[in-house]
Amino acid sequence: MADTAMSGSESRGGEDPSLAYGKETPVETAIWRLRSRGCWTDAAALLAPHASEPAAALERAALLIERCLYTEKGWADAEEALRAAEAVAGTDEERGAAACERGYLAYASTLLGVRDRADEARMALGRAAALIGPSAAGRPLLDFRRGLVAQNLGDSPQAARAAYRRAHEGATAQGDSLLLSFTWRHLAGLALREGELAEARHGFAESLRIREELGYLVGTAPALTALATTETEPEAGRLRAEARRLFQLLGGVPTWLSGQLTPRAAT
């Protein structure tokens, strides 16, 4: 399972402590803090007055698409927002970013069994790759999402690993901490699949560390659960218990963790 990436939420030394890490305005900070707590609809509403601006329209669509992945709800709202973002995109980079979101929405729909849109996901991400240059700011995120499609829709772990590594290198170069938390986690997942327990534990631990530092609550339970798979008791149980606490605090989000974190009734 996978999620998306934007930016962090730490206070910045010597600057306005009301601003989240990497954010320039109080509104951007508010959007991040709502997003990090799973309040995507509220975060998207803050962008509605600027929906005619390509960057704001795209961010609004991205928020609502992420909501779909974490809650398995809101597909029509995400589609509507994405169409609006596609309509106002004016440059190749903007059109490429919108195509990247189109591919991600189609990927989420397929992964969660809503509707098979695997071909659409591949085509949209391919179009994004043609529009977003190798050194562009959006390239690491695109590489990561192409890795997700390769792994989860194409059952091609080698192609996925190569894409995740490109994304990891790009995120490192750009200082994109949140995206790094995703690349660490998914590279670790592939390592675990191959029996490389120490490598997997390290990657999962790095992902968790970053998410805790950024205050990315909605992504912390998945990180705790993943790390628990590499630990023995009692540490594994402690990690799962903390993940369960956060999962319940956020109202059962992400929904796809339910089967792992909901206690089974005694028989």
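The values are calculated or read from the model by the stated rules, or taken from the named source; none is laboratory data. These numbers come from a predicted model, not from an experiment. Note that each Cβ is placed from the backbone with ideal geometry, even for glycine, and that neighbours are counted across all protein chains shown. Side chains are part of the model used for accessible areas, which takes the heavy atoms of the whole protein and leaves out ligands, DNA and RNA. Shrake-Rupley method; radii C 1.70, N 1.55, O 1.52, S 1.80 Å.
General remarks:
- Put simply, the C-alpha atoms of the stretch 24-162 give a gyration tensor, and the ellipsoid matching it has half-axes of 24, 18, 14 Å, longest first.
- Between helix 177-193 and the chain there is an angle of about 50 degrees, using the helix long axis and the longest principal axis of the Cα atoms.
- Size estimate for the stretch 213-258 follows the Kirkwood approach: the inverse of mean 1/r over distinct Cα pairs works out to 10.5 Å.
- Dividing the summed helix terms, -39500 (n - 2.57) for each DSSP H run of n ≥ 4, by the number of residues in the chain produces a 222 nm estimate of -21000 deg cm²/dmol to the nearest 500.
- Against the chain, whose longest principal axis is taken from its Cα atoms, helix 197-214 shows a tilt of about 60°.
- If you plug the beta carbon distance of residue 52 and residue 76 into 1/(1 + (r/R0)^6) with R0 = 22 Å, you get a FRET efficiency near 0.55.
- The stretch 141-201 and the stretch 206-267 have Cα centres spaced 20 Å apart.
- Prolate/oblate/rounded call for the stretch 109-171, Cα gyration tensor, a/c under 1.5 rounded: oblate
- Ligands, DNA and RNA are left out, and with a 1.4 angstrom probe the accessible area of the chain is 45 Å² per residue.
- Calculated on the Cα set of the chain, radius of gyration then Dmax: 17.9, 60 Å.
- The accessible surface of the chain, taken with every protein chain in place and a 1.4 Å probe, is 52 percent carbon and sulfur.
- Sorted largest first, the spans of the alpha carbon positions of the stretch 114-267 along the three principal axes are 53, 35, 30 Å.
- Label-to-label distance, nm, for residues given as residue 169 and residue 256 (7 Å Cα→Cβ offset): 2.7 nm
- Eigenvalues of the alpha-carbon gyration tensor of the stretch 189-230, scaled by 5 and square-rooted, set the equivalent ellipsoid semi-axes at 20, 9, 6 angstrom, largest first.
- Take 141-148, 81-88 and order them by the average number of nearby Cβ atoms within 10 Å per residue, most first; the result is 141-148, 81-88.
- GNM top mover of 91, 183, 71 - the chain, alpha-carbon springs below 10 Å: 91
- C-alpha long axis of helix 75-88 to longest principal axis of the chain, angle in °: 40 degrees
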